[in-house]
Amino acid sequence: GENVEQHPSTLSVQEGDSAVIKCTYSDSASNYFPWYKQELGKGPQLIIDIRSNVGEKKDQRIAVTLNKTAKHFSLHITETQPEDSAVYFCAASNSKEKLTFGTGTRLTIIP
Amino acid sequence: DAGITQSPRHKVTETGTPVTLRCHQTENHRYMYWYRQDPGHGLRLIHYSYGVKDTDKGEVSDGYSVSRSKTEDFLLTLESATSSQTSVYFCASGAITDTQYFGPGTRLTVL
């Protein structure tokens, strides 16, 4: 089955700086890669996703990049703000099976 | 939001008792999922459903059963609760197999 590794487990950045979270996956058949943001006491919220037919996708300050050859994908947050502090999860799926999640990154934005 | 609610939001129970958690969605999504979230493990799939009365096991299904008699409701039952089932449980739903939207979670404590 699929295995997703996520790094780093914790990340602290100054407000206004950029944050990057990286994930690798094992199943070359995986073709869907979502990112979730989980705030304290809440459920994970889908913030951006990418399919394997594109290499990059942006939504305002958030972007995701995908390298199918190397089997890794990354979340980029620019101009970080205090409300970006949360736990972020990556996931992978081959659309026939279920999502496999990474173990999460706790992002702290330092004012 | 995908219009997913979970009940109860918090529950404390004793070892050996049966427990049922409810997930309700108003999006007419075909697919529904139950996950558990534990520190260091991320989100792990317990069971999922791909239609009314159609369910299948996930990676951590032992000790759990599910039922789906209506599109909007997906029930998770712990047949005889154990302390190892103390966790936060999340329900998710989606119109297609991979894009999933999560509920707010149920915190279950088994004493």
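The values are calculated or read from the model by the stated rules, or taken from the named source; none is laboratory data. Being a predicted model, the structure only gives us computed values, none of them experimental. Cβ placement follows ideal geometry from the backbone for every residue including glycine, while neighbour counts extend to all protein chains displayed. For accessibility, only protein heavy atoms count, side chains too; no ligands or nucleic acids. Shrake-Rupley method; radii C 1.70, N 1.55, O 1.52, S 1.80 Å.
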message: Among the residues of the stretch A:13-24, are any small (Gly, Ala, Ser), away from chain B (no Cβ under 14 Å) and in contact with a helix residue (DSSP H, G or I) (Cβ under 9 Å, 6 or more places away or on another chain)?
response: yes
- line: Per the filter on the stretch A:1-36, residues closer than 25 Å to A:Lys96 by Cα, surrounded by 20 or more Cβ atoms within 10 Å (Cβ to Cβ) and not aromatic (Phe, Trp, Tyr) are A:Val4, A:Gln6, A:Cys23, A:Ser30, A:Pro34
- prompt: How many residues are part of a strand (DSSP E or B) and either of a type in the set (D, E, K, R) or touching a helix residue (DSSP H, G or I) at 6+ places or on another chain (Cβ under 7 Å) (or both) if we restrict to the stretch B:1-52?
  reply: 5
task: Just give me the residues in the stretch A:50-91 being of a type in the set (D, E, K, R), open to solvent by 30 Å² or more (accessible area, probe 1.4 Å) and touching a residue at least 60 places away in the same chain (Cβ under 8 Å), in sequence order.
output: A:Glu79
- prompt: So, in the stretch A:44-56, of the ones that are outside any loop (DSSP other than H, G, I, E, B) and more than 12 Å from the chain's Cα centre (by Cα), which residue ends up nearest to A:Thr100 (Cα to Cα)?
  reply: A:Arg51
query: Which one is surrounded by the fewest Cβ atoms within 10 Å (Cβ to Cβ) among residues in the stretch B:12-28 that are farther than 15 Å from B:Ala81 by Cβ and within 15 Å of the chain's Cα centre (by Cα)?
result: B:Arg22
